[in-house]
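> If you scroll down you'll find the structure; I have some questions about it.
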Amino acid sequence: MTAEHARLPGTGTVGSRTALLVVDVQNDFCPGGSLATAGGDRVASAIAEHLDRHAEEHDLVVATRDWHEDPGDHWSPDPDFHDSWPVHCAADTPGAAFHPALEPHLPRLDAIFHKGRFEAAYSGFEGHLAQEGQRTVGTGGAGLADWLREHGVSRVRICGIATDHCVRATALDAVAAGFDTEVLLGLTSAVGAESAATAVEQMRAAGATLSGSPVIPAG
Ligand SMILES: [Zn+2]
């Protein structure tokens with residue numbers, strides 16, 4: 001183990017590597033999906049372009065997926081769109097798959113984390129390693145914070161869906177875990193304009209660096 005990859009207990013980070021975290025860019029969160037954000041497809045394409053143009057800025061690229069088997073009342077036939085939601089991202093269904101715009105980039109993902117198998121899970125830091133490179137890990141893999149520390153990551157850049165839910169929760173947890181956290185808001189899409197504005201303020205107040213503006217629904 002090199003010094004760069006040494007691991008500290010608790011919330012400390014060691015190392016100087018940067019990871020791009022691509023949060024939940026899945027078909028169900030894009031137009032045509034069961035829980036679509038209006039700008040989800042535009043953001044998926046913009047993230048793909050970002051991966052092309054800025055590859056050298058990220059030592060690692062990690063994606064998360066909402067991946068439900070039986071998430072209890074997170075799914076509801078009568079959702080309130082706050083704590084309960086229409087059925088979405090059922091494991092191994094097309095709705096849970098990455099948006100097609102990301103398809104050409106999948107081979108270069110260093111890891112994929114799945115979250116929410118049996119419960120609601122908004123933050124990528126609630127997820128478990130499901131795939132590392134081309135190797136399928138199965139259930140019960142490492143948590144995201146430990147995995148990042150083990151790979152010498154001290155800085156994370158976050159993009160994806162949705163600004164006001166899973167991006168927000170992932171960013172707040174990244175800050176709390178001690179990572180230098182930047183949210184690329186221009187590469188995020190929101191469920192609602194008001195909740196996006198609240199989320200932006202919460203992420204700023206927590207200490208995340210923010211750049212750009214989220215894609216919010218028209219009107
Ligand atoms: Zn979910």
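The values are calculated or read from the model by the stated rules, or taken from the named source; none is laboratory data. Predicted, not measured: the structure shown is a model, and the values here were computed from it. FYI the Cβ positions are ideal-geometry reconstructions off the backbone, even for glycines, and counts take in every protein chain you see. For accessibility, only protein heavy atoms count, side chains too; no ligands or nucleic acids. Shrake-Rupley method; radii C 1.70, N 1.55, O 1.52, S 1.80 Å.
> What residue, of Asp73, Asp28, is within 16 Å of the ligand (Cβ to nearest atom), modelled with pLDDT of 95 or more, over 18 Å from the mean Cα position of the chain (by Cα) and in a helix (DSSP H, G or I)?
When all the criteria are applied, what remains is Asp73.
> Modelled with pLDDT of 95 or more, open to solvent by 50 Å² or more (accessible area, probe 1.4 Å) and farther than 26 Å from Ala218 by Cα: does that describe Asp52?
Spelling it out, it is not the case that Asp52 is modelled with pLDDT of 95 or more, open to solvent by 50 Å² or more (accessible area, probe 1.4 Å) and farther than 26 Å from Ala218 by Cα.
> Can you confirm whether Leu144 is modelled with pLDDT of 95 or more, under 19 Å from Val14 (Cα atoms) and surrounded by 24 or more Cβ atoms within 10 Å (Cβ to Cβ)?
Yes: the conditions hold for Leu144.
> Taking region 61-73 as the search range and keeping residues that are open to solvent by less than 10 Å² (accessible area, probe 1.4 Å) and touching an Asp or Glu at 6+ places or on another chain (Cβ under 8 Å), which one is farthest from Trp147 (Cα to Cα)?
Among residues in region 61-73 that are open to solvent by less than 10 Å² (accessible area, probe 1.4 Å) and touching an Asp or Glu at 6+ places or on another chain (Cβ under 8 Å), the one farthest from Trp147 (Cα to Cα) is Pro71.
> Another question, then. Name every residue in region 74-99 that is without any contact (Cβ under 8 Å) to a residue 12 or more places away in the chain and open to solvent by 20 Å² or more (accessible area, probe 1.4 Å), in order of residue number.
Hits for region 74-99 are Ser76, Pro77, Asp78, Pro79, Asp80, His82, Asp92, Thr93.
> Would region 47-66 turn up any residue that is more than 14 Å from the ligand (Cβ to nearest atom), in a strand (DSSP E or B) and of a type in the set (S, T, N, Q)?
So far as region 47-66 goes, no, none of its residues is more than 14 Å from the ligand (Cβ to nearest atom), in a strand (DSSP E or B) and of a type in the set (S, T, N, Q).
> Can you go through Ala218, Ala197 and tell me which one is at negative phi and in a loop (DSSP other than H, G, I, E, B)?
Ala218
> Of everything in region 34-43 that's open to solvent by 20 Å² or more (accessible area, probe 1.4 Å) and touching a strand residue (DSSP E or B) at 6+ places or on another chain (Cβ under 8 Å), which residue is farthest from the ligand (Cβ to nearest atom)?
Arg42
> If we keep just the residues of region 104-138 that are among the hydroxyl-bearing types (Ser, Thr, Tyr) and either more than 15 Å from Thr64 (Cβ to Cβ) or away from the ligand (no atom under 11 Å from the Cβ) (or both), which is least open to solvent (accessible area, probe 1.4 Å)?
Among residues in region 104-138 that are among the hydroxyl-bearing types (Ser, Thr, Tyr) and either more than 15 Å from Thr64 (Cβ to Cβ) or away from the ligand (no atom under 11 Å from the Cβ) (or both), the one least open to solvent (accessible area, probe 1.4 Å) is Ser123.
> Considering only residues that are open to solvent by less than 20 Å² (accessible area, probe 1.4 Å) and over 14 Å from the mean Cα position of the chain (by Cα), which ones fall in region 160-191?
Matches in region 160-191: Ala177, Phe179.
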